[in-house]
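Engineer: Here it is: the structure, laid out below.
The values are calculated or read from the model by the stated rules, or taken from the named source; none is laboratory data. All figures in this text were calculated on a predicted structure; none of them were measured in a lab. Heads up, the Cβs are rebuilt from the backbone with ideal geometry, glycines too, and the neighbour counts pull from every protein chain shown.
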Amino acid sequence: MERHALPMTITEKILARHAGNRSVRPGDLVEVEVDLALANDITAPLAIRVFHELEAERVFDPEKVVLVQDHFVPNKDIASAAQVKMMAEFAEALGISHYFDLGEAGIEHVILPERGLVVPGDLVIGADSHTCTYGALGAFAAGVGSTDLGVIWATGKTWLRVPETILLVFEGQRPRWVGGKDYILSVIGRLGVDGASYKALEFRGGALEGLPMHHRFTMANMAVEAGAKNGIFHADAVARDYVREHASRSGELFKSDDEARYLRVEHFDVSDMEPQVALPNSPDNVAPISAVDPVRLDQVFIGSCTNGRLGDLREAFEVLKDRKVARGTRLIMIPGSPRVYLEAVREGMVEGFLKAGAVLGPPCCGPCLGGHMGVLGRGETALSTTNRNFVGRMGHTESRVYLANPAVAAASAVLGRIGSPAEL
Amino acid sequence: MDYEGRVWKFGDNVDTDLIIPARFLNESDETILAGHCFSELRPDFAEEVKQGDILVAGTNFGCGSSREHAPLAIKASGIRLIVAQSYARIFYRNAFNIGLPALEAEEPLEGLRDRIRVSVSLESGRLRDLESGRSYRVRPIPPFMREIIRAGGLVPYVKGRARAEGNWRLY
Ligand code: SF4
């Protein structure tokens, strides 16, 4: 029996479409068709095991499976080499077209949009919690574990509980040195790390009009840091231009109905917003930079699926060009994809970064997850453009991590302590 | 389904990096993962946990990454059941998918300490402290999740359904 078409949010509409229903309501358990199913070198091995346990012969669609080497590559040790090899062999055996090996690979959430693999209206499931990044394009995207993903590879389907939506409305004029990272940190600071558990976050408001895509990716990316299932924007002209430039499909534009029901609405006026910093050891421990002690830094990291895009590097470059990283502070920078890297070379940014004293890594997750390249030692303090600063996230359990935007990170590297670009 | 075992008590916001730090994710063998489980938070855990023990935690258990290595390491260490105030979404899903039931307590589990013996009944939604006799309400799990647990996890569940009704076709 078909239900009367109720007013729905964009998240509900995309889920309804993929469940083959006219409408869905929060709390409904629905079985949905998946448009893209992603895994990386850490989560793929377990998903491959599940796929084999299911005794499936083929993946549901070799064009819709994506495998990216990004976490522990270039192989950090023999065990990671084995995991990467397993993934490569699986991709070969099952004819997976979107397998990204070194040279093509970058951070999954940077390269999928860049390669046009996600378009508005898609339903994307990834065995990585930051899969929610693609919500910036008006897609429903959520992270799952490896078993869910292995089952999707074998069946093309998964079950989801339709989430309630929290509407976040941003108004005002964006101040200098403030952007998506600061917006989303204020959200997480207000909601808390479990404030949006099992919920959808919908980003709207005048302050987001014309906001460049890299800021939107940063915001959707960190929805999960408030516990959310997905974070989503409406695909406006900026998003549609991005898609036109990168993808061959144009996707389907969904829009929340005016009468759609929200669990609650939160307003943010960005006009007076300062750059925000998340203090150790939680992404919800947020303060404006003027309230943060000028803590001395051993390391600064600019990169990751949160802030490793070209626009992020440009913001860091504005601060770093013709300046020097402070003695006693290491600056590690990792462009999120080979294309980002190449463009950074072309624009002369790489030369500027090297002259400033930064070290540049190959496109990968790098120090973000504390296992490879730039691991923090006992007692060390870092400021990072990544998304998590839990105890031990970037190394020793007695190291501390502060999170901020790329311009603040660059300024802090120059100052050798936490500081704002406005101080330079 | 009834469970009885010794309690391991944890606090709020225990994230996946504390359950199993990322640097150990170059492995996916669960017995090796179990050896590193809670290695920084509770260095005694891996050594002393026994088959059938029950993990009790506060709010937002398992927040952070999607790594299934986290519930796998817990399960392979011998823990049979988790009871927490609340869970991070992906962890909750992962736990059921690998056949590790995760229950939500409906009231604070303040009285519970390490090594107390408790019994938990999924049917009646009760957790009983076998030393003090005090009991706590836990939320019954949705029927769909109960079926997954009964089947032993999502893989046997999907295989069963693919066989039974052809609804989940395996390619
Ligand atoms: S950059 Fe960090 S958060 Fe992003 S996918 Fe890699 S490890 Fe995860």
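Engineer: Using the structure shown, decide if residue A:311 is crowded, with 19+ Cβ neighbours inside 10 Å and under 26 Å from residue A:136 (Cα atoms).
Structural biologist: Considered against the rule, which asks whether it is crowded, with 19+ Cβ neighbours inside 10 Å and under 26 Å from residue A:136 (Cα atoms), residue A:311 comes out as no.
Engineer: Quick one: which of B:118, B:138, B:56 is touching a Leu at 6+ places or on another chain (Cβ under 7 Å), crowded, with 20+ Cβ neighbours inside 10 Å and either under 25 Å from residue A:390 (Cα atoms) or among the polar types (S, T, N, Q) (or both)?
Structural biologist: B:56
Engineer: Taking residue A:375 as the residue in question, decide whether it is within 23 Å of the chain's Cα centre (by Cα) and either more than 14 Å from every other protein chain (Cβ to nearest Cβ) or of a type outside the set (D, E, K, R) (or both).
Structural biologist: It is true that residue A:375 is within 23 Å of the chain's Cα centre (by Cα) and either more than 14 Å from every other protein chain (Cβ to nearest Cβ) or of a type outside the set (D, E, K, R) (or both).
Engineer: Output the number of residues of the range A:302-343 satisfying the condition of being small (Gly, Ala, Ser) and either more than 13 Å from the ligand (Cβ to nearest atom) or more than 24 Å from residue A:376 (Cα to Cα) (or both).
Structural biologist: Total meeting the criteria: 4.
Engineer: Further, regarding this structure: Can you pull out the strands (runs of 3 or more DSSP E) entirely within the range A:36-112 that have at least 3 residues that are surrounded by 18 or more Cβ atoms within 10 Å (Cβ to Cβ) and within 16 Å of the ligand (Cβ to nearest atom)? Let's see the steps before the verdict.
Structural biologist: On the way: elements: A:36-40, A:65-68, A:98-100.
So the answer is A:36-40, A:65-68.
Engineer: Additional query: Restricted to the range B:70-113, and to residues that are assigned to a loop (DSSP other than H, G, I, E, B) and β-branched (Val, Ile, Thr), which residue is nearest to the other protein chains (Cβ to nearest Cβ)?
Structural biologist: Going through the range B:70-113, the residues assigned to a loop (DSSP other than H, G, I, E, B) turn out to be B:78-80, B:85-86, B:88, B:98-101, B:106-113.
Now narrow it down to the ones that are β-branched (Val, Ile, Thr): B:79, B:98.
Details: B:79: 17, B:98: 6 Å.
Once the filter is applied, the top-ranked residue is B:98.
Engineer: With the structure loaded, tell me whether residue B:171 is part of a loop (DSSP other than H, G, I, E, B), within 14 Å of chain A (Cβ to nearest Cβ) and of a type outside the set (Asp, Glu) or whether it fails that test.
Structural biologist: Details: part of a loop (DSSP other than H, G, I, E, B): yes; within 14 Å of chain A (Cβ to nearest Cβ): yes; of a type outside the set (Asp, Glu): yes.
Judged against the criteria, residue B:171 is a match.
Engineer: Look through A:45, A:62, A:113, A:74 and report the one residue that is modelled with pLDDT of 95 or more, under 27 Å from residue A:337 (Cβ atoms) and either touching a helix residue (DSSP H, G or I) at 6+ places or on another chain (Cβ under 6 Å) or outside the structural domain of residue A:127 (by TED's automatic domain parsing) (or both).
Structural biologist: A:45
Engineer: Evaluate the range A:324-331: report whether one residue or more is at pLDDT 95 or above, touching a Pro at 6+ places or on another chain (Cβ under 6 Å) and more than 30 Å from residue A:167 (Cβ to Cβ).
Structural biologist: Scanning the range A:324-331, I find no residue that is at pLDDT 95 or above, touching a Pro at 6+ places or on another chain (Cβ under 6 Å) and more than 30 Å from residue A:167 (Cβ to Cβ), so the answer is no.
Engineer: If I ask for residues that are within 14 Å of chain B (Cβ to nearest Cβ) and either in contact with a Lys or Arg (Cβ under 9 Å, 6 or more places away or on another chain) or closer than 15 Å to residue A:84 by Cβ (or both), which ones from the range A:352-372 would you list?
Structural biologist: Across the range A:352-372, the qualifying residues are A:364, A:365, A:368, A:369, A:370, A:371, A:372.
Engineer: Tally the residues that are more than 10 Å from every other protein chain (Cβ to nearest Cβ) and among the β-branched types (Val, Ile, Thr), restricting the search to the range A:125-151.
Structural biologist: Number of matching residues: 2.
Engineer: Shifting gears a bit: Identify the residue in the range A:344-403 that is assigned to a loop (DSSP other than H, G, I, E, B) and of a type in the set (D, E, K, R) and, among all such residues, is nearest to the ligand (Cβ to nearest atom).
Structural biologist: A:388
Engineer: Further, regarding this structure: Name the pairs: first residue in the range A:298-318 and more than 20 Å from residue A:395 (Cα to Cα) and at pLDDT 95 or above, second residue among the acidic types (Asp, Glu) and within 16 Å of the ligand (Cβ to nearest atom), Cβ to Cβ under 7 Å, at least 6 apart or on different chains?
Structural biologist: none
Engineer: Surrounded by fewer than 20 Cβ atoms within 10 Å (Cβ to Cβ) and under 15 Å from residue A:409 (Cα atoms): does that describe residue A:280?
Structural biologist: Numbers: surrounded by fewer than 20 Cβ atoms within 10 Å (Cβ to Cβ): yes; under 15 Å from residue A:409 (Cα atoms): no.
So residue A:280 does not fit the description; no.
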